[in-house]
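The values are calculated or read from the model by the stated rules, or taken from the named source; none is laboratory data. This is a predicted model, so every value here is computed, not measured. Using ideal geometry, Cβ is built from the backbone for each residue, glycine included, and neighbour counts are taken over all protein chains shown. Just the protein is used for accessible areas: all its heavy atoms, side chains included, with ligands, DNA and RNA removed. Shrake-Rupley method; radii C 1.70, N 1.55, O 1.52, S 1.80 Å.
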Amino acid sequence: MKWIIDTGKKQQPLGDLYGIFFEDLNHAADGGLYGELIQNRSFEFDPIDHPDYHHLTAWEKIEKDGQVKLQVITGRAVSDKNPHYLAMDIQEEGVEVGIQNLGYNTGLPLRKGEKYHFTCYGKREQSLEEPVSISLRDENGQIYVSQELFFTTEWKKYELILEASVTDFSARLAITALGRGKIYLDFVSLFPEETFLNRPNGMRRDIAELLKDMHPKFMRFPGGCLVHDGALDETARDSQYRWKNTIGPLEHRPARRSNWNYNQTLGLGYYEYFQFCEDIGAQPLPVIPGGYDPHHKRYAPLDKMEPFIKDALDLIEFANGGIHTVWGAKRAECGHPEPFHLKYIGIGNEEVLEEFFIRYDLIHKAIREKYPDILIINTGSPFAEGGEYERGWANARKNQSDIVDEHYYMSPEWFLANHHRYDDFDPAGPKVFLGEYASWGNTWYNALVEASYMIGLERNAGVVALACYAPMLANVDYVNWRPDMIWFDNHQVYGSPNYYVQKLFMQNQGDYALASFKEDLPASQVLGQEIIQGEILLGGNEAKVVYSNIVFTNLLTGEKKEFDSVICQKNQDRFSLLSVWDSHYQLEADAVEEEGYRGMQITFGHKDQENEFNWILGGWQNLDTFMNERISGRGSDLCQHTFSVEKNRKYRLKLVVEGRRIRTYVDGILYHDTQSRLPVIEPLYTCASINEAGTEVYLKAVNVSKENRKVLIHLTEDWKGKRKAIIYQMSGYHLEDTNSFQEPEKIAPKAFSEEIIVPEFEFTFPSESVTIMKLT
Ligand code: AHR
């Protein structure tokens with residue numbers, strides 16, 4: 001095989017292609033990247049966040065030979081934005097009486113010799129001579145370090161530094177007191193002094209460093225569904241993510257219910273996000289809600305869209321405005337008079353339906369008029385194909401949005417099958433932001449396949465502007481979603497194999513693509529069968545569904561088979577109708593949902609539970625019909641349309657399978673017309689790029705096959721001579737291998753360097769490997 005790279009001509013710029021996506025799920029912020037060690041620091045946890053939460057979540061009484069009554073009071077707290085505070089009523093003085101905080105995971109992580117910055121607001125019912133003791137201790141109450149404070153009768157902020165005398169990852173922060181009577185506490189905080197870049201209210205250093213090391217070109221934040229799932233009133237406890245609530249003094253940032261079932265302190269807010277982006281050299285890419293909550297179908301009346309429009313404009317001013325503008329001045333007050341040079345903004349996340357897009361248009365128009373240079377990102381639905389996906393794109397074309405945000409989580413096989421997805425996209429249209437993607441899993445196989453897909457993204461950088469893996473962070477004890485790129489607990493962190501692939505591509509992105517092509521290629525390997533064979537099963541998706549007038553037709557022979565009616569009870573096994581060995585067939589049936597809420601499910605091509613196709617009607621929120629393909633237990637939504645099932649209404653359903661083309665009809669109307677492409681392993685996935693100065697060439701090669709690939713690499717004459725190649729390689733693992741706390745770098749690139757003679761040199765890319773060569 002020969003791989004020829006034309007180093008002489010820079011092709012399309014690669015811009016900000018590879019970045020990261022931060023969403024506070026899996027406790028990515030509180031209990032994660034945000035350095036705060038105290039959980040529930042202002043006693044605001046509430047069942048609205050999580051049914052098990054209460055105002056004293058993560059706090060415990062200490063009663064050694066004494067007695068204390070804890071009461072959380074509402075009102076007259078330090079800030080009316082966080083209206084609760086603790087009254088610790090010492091009813092019987094003892095050896096030790098008070099409270100302690102449990103932190104996250106096993107407790108507070110202390111490291112010997114490190115200093116911790118304690119702050120709290122406190123007051124006492126009456127001024128006493130007896131001190132309040134602040135201590136760090138082990139889980140059994142043995143004190144490591146303790147200091148004393150004397151509270152007065154008025155709220156006052158207290159601060160002190162505690163130095164850890166031992167390393168203990170299950171420690172507690174305790175506040176105990178002598179004397180009787182009430183002690184009031186609010187906003188109890190403990191930060192390690194050594195945060196990332198030692199910023200106050202800063203980030204946890206180890207996690208932040210893993211992110212910085214990647215060299216991401218941008219960071220999308222603050223989420224995903226977290227952005228738009230919530231009440232439209234920004235003062236509501238369960239409001240959407242409204243950025244203005246997240247800046248300014250910490251005490252005045254209202255604690256918020258996150259849709260990921262926990263409490264968000266907002267200590268990591270918009271100012272910190274911008275600062276963090278600057279610190280890691282990434283372009284900030286905020287995503288704001290568009291006046292529409294698809295999870296609860298709430299939308300702002302059109303004449304009440306002003307606050308959302310204003311939020312967008314003010315955010316741009318907050319990031320970029322001069323210090324004499326209203327919001328630029330607020331940024332300066334936060335500590336950053338220089339602008340943050342925001343250039344991207346996303347409106348909405350995965351919204352579907354017209355109600356969103358009408359609202360999107362208003363925000364888009366206002367931004368365009370006032371800030372024509374800002375690149376506006378139009379959401380493109382959570383699907384890779386289908387009606388809502390097309391609607392997102394149509395809306396972007398109509399508005400001339402700069403970029404469309406695509407999201408998909410699929411099986412590794414889908415990524416192999418769709419490697420060429422972007423080859424035919426129109427370079428004159430809006431660009432693609434692949435704002436969320438991942439194959440289901442954190443094994444080496446997932447990472448390897450994702451690497452092959454990234455080659456396709458980079459090769460198409462003329463249409464793909466930005467791409468980031470999702471989700472990014474997960475605390476192992478609070479998982480909402482997996483897979484994730486980086487895993488941690490309260491004191492350790494490791495990158496998944498997917499992380500190392502992302503990092504390799506980011507660190508070696510280059511500034512311009514180079515044209516390259518390959519000769520004498522061996523054949524690609526196609527996996528799977530050209531036809532969809534297996535059982536057909538009828539079911540209810542958490543619903544009772546009655547199927548009648550069922551007719552199966554072999555489309556090649558015209559032979560028909562009729563079946564008796566089938567009643568699928570709720571939560572019952574699916575009903576097996578027949579096994580199909582034909583390549584072209586059709587199933588028709590009348591279907592009525594009589595009970596339940598998630599509609600009908602027709603399974604076909606069923607080999608086992610892990611390998612089958614499902615046509616679902618009335619899926620998420622009874623909003624969709626979609627076609628899902630499961631391979632080895634991992635699902636891919638091939639296509640989606642909006643559709644709601646009406647109870648007790650009869651639908652005539654038709655499924656047509658021709659080879660791997662799948663079509664569905666409801667009452668004669670075509671819904672899906674999709675292709676289940678077969679996974680293909682190409683002999684070698686390659687792309688090349690060069691830096692601005694023309695002094696560094698990056699060759700990326702991903703070998704998914706089981707064969708080593710010996711390649712003659714040819715660079716054009718202008719690069720002739722003796723060159724140094726630094727080679728980063730991931731290879732030699734089992735496909736199912738992964739990283740863990742015990743073996744954090746089991747799958748991580750190894751680097752070596754070689755002298756090469758250009759224009760032509762030979763290199764063997766091992767089977768199942770990712771290789772990046774940096775030539776200088
Ligand atoms: O990344 C996890 C979730 O997946 C995001 O919140 C949402 O945008 C997507 O559906």
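Quick look at the values:
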{"quantity": "Solvent exposure ordering (accessible area, 1.4 Å, most first) of 383, 356, 425", "calculated": "425, 383, 356"}
{"quantity": "Net length gained if the chain between residue 125 and residue 590 were fully extended (0.36 nm per residue, minus Cα distance)", "calculated": "160.2 nm"}
{"quantity": "Proximal aspartates and glutamates relative to residue 750, as straight alpha-carbon distance under 18 Å, when same-chain residues fewer than 8 apart are discounted", "calculated": "213, 737, 768"}
{"quantity": "For residue 482, solvent-accessible area (1.4 Å; no DNA, RNA or ligand), Å²", "calculated": "150"}
{"quantity": "Rounded Å value of the spacing that divides the Cα centres of the stretch 493-551 and the stretch 157-185", "calculated": "52"}
{"quantity": "Sulfur and carbon atoms: percent of accessible area, the stretch 374-441 [1.4 Å]", "calculated": "53"}
{"quantity": "Neighbour cut-off at most 15 other Cβ (10 Å), DSSP loop, trypsin sites (Lys or Arg not before Pro), the stretch 370-433", "calculated": "none"}
{"quantity": "Positive minus negative residues near residue 592 (Lys, Arg vs Asp, Glu; Cβ under 10 Å)", "calculated": "0"}
{"quantity": "Net charge of neighbours whose Cβ lies under 13 Å from the Cβ of residue 749, counting Lys and Arg as +1 and Asp and Glu as -1", "calculated": "+3"}
{"quantity": "Exposure of residue 354 as accessible area (Å², to 10), given a probe of 1.4 Å and all protein chains", "calculated": "90"}
{"quantity": "Where the chain is the region considered: accessible area per residue in Å², 1.4 Å probe", "calculated": "38"}
{"quantity": "Exposure ranking of 652, 359, 663 by accessible area [1.4 Å probe, largest first]", "calculated": "652, 663, 359"}
{"quantity": "Nitroxide proxy distance, nm - points 7 Å out along Cα→Cβ at residue 145 and residue 562", "calculated": "8.4"}
{"quantity": "Estimated FRET transfer efficiency (residue 530, residue 193; beta-carbon r; R0 56 Å; 0.05)", "calculated": "0.35"}
{"quantity": "Sulfur and carbon atoms: percent of accessible area, the stretch 308-353 [1.4 Å]", "calculated": "58"}
{"quantity": "15 Å Cα-Cα reach of residue 724 towards aspartates and glutamates, excluding residues that sit fewer than 8 places from it in its own chain", "calculated": "696, 754, 755, 760, 762"}
{"quantity": "Filter on 431/654; 518/746; 343/365; 560/654; 115/212; 81/182 - keep pairs with C-alpha separation over 26 Å", "calculated": "431/654; 518/746"}
{"quantity": "Centre separation in Å (Cα based) which lies between the stretch 469-491 and the stretch 53-126", "calculated": "28"}
{"quantity": "Rounded to the nearest 20 debye, dipole of the chain from Cβ charges on Lys, Arg, Asp, Glu", "calculated": "900"}
{"quantity": "Amide N of the stretch 2-33 lying under 13 Å from the label point, which is placed 7 angstrom from the Cα of residue 206 along Cα→Cβ", "calculated": "32-33"}
{"quantity": "Integer Hz, Karplus 6.51/-1.76/1.60 couplings in order for the stretch 160-172, x for Gly and Pro", "calculated": "7, 10, 10, 9, 6, 8, 9, 9, 8, 9, 10, 7, 10"}
{"quantity": "Summed side-chain charge close to residue 614 - residues other than residue 614 whose Cβ falls under 11 Å, Lys, Arg +1, Asp, Glu -1", "calculated": "-1"}
{"quantity": "D_trans [Stokes-Einstein, Kirkwood Rh over alpha-carbon pairs] for the stretch 578-641, 25 °C, 0.890 mPa s, µm² s⁻¹", "calculated": "191"}
{"quantity": "Label point 7 Å beyond Cα of residue 167 along Cβ direction - residues of the stretch 92-118 with amide nitrogen under 14 Å", "calculated": "109-114"}
